[in-house]
1. Would you grab the residues whose amide H sits under 5 Å from the one on Glu190? Only those 5+ places off in sequence or on another chain, please, with H modelled 1.01 Å from N.
2. Please sort 219-225, 162-168 by packing, taking for each peptide the average over its residues of neighbouring beta carbons within 10 angstrom, highest first.
3. Fully extended, how many nm does the chain gain between Tyr223 and Ser179 (0.36 nm per residue separation, minus their Cα-Cα distance)?
4. Can you give the accessible area per residue of segment 175-266, in Å², using a 1.4 Å probe?
5. Using a simple spin-label model with points 7 Å from Cα along the Cα→Cβ vector, what separation in nm is obtained for Asn96 and Thr82?
6. Taking 0.36 nm per intervening residue step and subtracting the Cα-Cα distance, what contour gain separates Glu142 from Val105 on full extension?
7. What is the extension gain from Glu112 to Arg253, computed as 0.36 nm multiplied by their sequence separation minus the C-alpha to C-alpha distance, in nm to one decimal?
8. How high is the FRET efficiency between Ser209 and Glu166 when r is their beta carbon distance and R₀ equals 25 Å, given to the nearest 0.05?
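The values are calculated or read from the model by the stated rules, or taken from the named source; none is laboratory data. Fair warning: this is a prediction, and the values are worked out from it, not measured in the lab. Because the Cβ atoms are built from the backbone with ideal geometry, glycine has one as well, and the counts that use them run over all protein chains shown. Protein only, heavy atoms only, side chains kept; ligands, DNA and RNA dropped before computing areas. Shrake-Rupley method; radii C 1.70, N 1.55, O 1.52, S 1.80 Å.
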Amino acid sequence: MGTIEKLSDAIGLLSDKILQEADALRGRKRANRVAVRCVAIAACVCLIVLGAVYLSRDTKLPIEIEPYTVETIDDSATGIVTNYEDLCDYLSGYKNLQFITFEIVSVYSPEEAYELTGSDIFTRHTTLYYVHVTYDWLEDCEVDYYMNIAHAGDKEQQYLGKPMYEVGMTFMSAVFGSSDTWRVPVGEMEYLLVDGTAYHLGTEAFITSEYIPSLIEEASETYFSAENNPMLFSSHVDAEALGEFIRTDWEARGFLDNNTNTTDDEVEIDYD
């Protein structure tokens, strides 16, 4: 039975009860009848309020975001690596590599991003996001701080299958970068986090069931604001299992020893 039906039945039962009480008290003094009416009104008001609370708890209201169409580019990865082992070789040089959970808090305009960073990359189809970091998977602990994340794509141009981040979304991702003011997600290691499950962004799973047996390699997609560019997923896995694998694997590879948050590498995002 749905929420509305349950609420309707409860109101019906309460109404019947009120009528029964009113009949039982019929013939008594007027003061008693007035008291019964007041109690009935108060009970109905309380039930309506409780019903509203129940509905708000049980129903996820959609967030109104104006839809748009966008030019897409069919190349969502770096093109340098084709599997997880090659990816790790590529990432081994970065000394500020992290694997974190973060929620999108707000989106900078291109003008705000340029003023903050001094980089004109944010005038060339790249967006800067203000995010809340809540978990550090390499340290295996909850954290509470904010940072800026740069991600390729804006409302004019995006990689196919990787639309813009939207406020309220939560991600697990490897991030890196040389700037003091922003970081970049590793394109092959971005996961949308939903109810404890991590969905890998992209058409190819770099971390496969060979590494995490419980991982399910299953293609799926979901639409957000970009009407012609759904977010594409190659696999999904329990977030805890993914975080544990990354932590133990990267520790074995020596990545954690080099995690000094500094690097001489330049951060580049472009659509060449």
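1. Answer set, sorted by chain and number: Leu201.
2. On the way: 219-225: 12.7, 162-168: 18.9.
With the highest mean Cβ count within 10 Å placed first, the list reads 162-168, 219-225.
3. On the way: separation 44, 0.36 × 44 = 15.84 nm, distance 3.19 nm.
Going from the current span to full extension adds 12.7 nm.
4. Numbers: 4420 Å² over 92 residues.
Result: 48 Å² per residue.
5. 3.2 nm
6. Values: separation 37, 0.36 × 37 = 13.32 nm, distance 1.77 nm.
Between Glu142 and Val105, full extension yields 11.5 nm more.
7. Details: separation 141, 0.36 × 141 = 50.76 nm, distance 3.84 nm.
Result for the pair: 46.9 nm of gain on full extension.
8. Given R0 = 25 Å and the Cβ-Cβ separation, E is 0.25.
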